[in-house]
Amino acid sequence: MARTYSDRDKYLKLFAALMSSGTVASWSIWIELTLLWQGLSAIAAVVAVATPILGYTSLVANMTELRRTWFEIRIDYENLWDRLGAGDAEAPSLEEFERVREKEVAAEESEAVLPRDQSLIKQCYQDVLAARDLEKS
C-alpha cells in the first residue's frame, strides 16, 4: 500500500510539474492558443492545491512505519514459535506473548486511520499469498 500511495504522490507531483512547464512553454510557443494556456494554468493550480490536501506524503510515511511495526511483530511471533517448538528450557512465557499481542493491537489501531481501498487491499492480500507460496482457500 505504501508503494501504491508513494507512486500516486510521485505521479501527482510529476503531473503538476509537467502542467507548470507546459504553461510556461505555452507563453512563447502557443501564444495564439490562449485556451490551452489557460487550461494548463488552471490544472496546474488545482493540482498544486490538491497535493497537500490529499496528504499522500504523510500516508506513505505512516504506511512505511506500519510496515516496519508489522515486520517486527512477525519476527517476534516467529521467535516465540521457534522457541516453543524447540522444547528448550527457555520456552516463551505468557507475558512475552502478551507483549507481542499488545504491539499487534497498537498496529491495528494505527491502521484505522488509513484509507480503505478495497481493490488495493485485495491486491496486497494476493501479493502476500504469492510471496508466501500459499493458495487462497
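Rule-based calculations on the coordinates, nothing more; no lab input. These figures come from a predicted structure and were not determined experimentally. Methodologically, a virtual Cβ is constructed for each residue, glycine included, from the backbone with ideal geometry; neighbour enumeration extends over all protein chains shown.
What the table below lists for this structure:
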item	result
Proxy reagent accessibility, fewest Cβ within 10 Å first, across Leu94, Leu54	Leu94, Leu54
Which of Trp81, Trp70 has the fewest Cβ neighbours within 10 Å, and the rest in rising order	Trp81, Trp70
Cβ-based exposure ranking for Val105, Val100, in which fewest neighbours within 10 Å come first	Val105, Val100
The stretch 65-137, relative contact order [Cα under 8 Å, separation at least 6], %	31
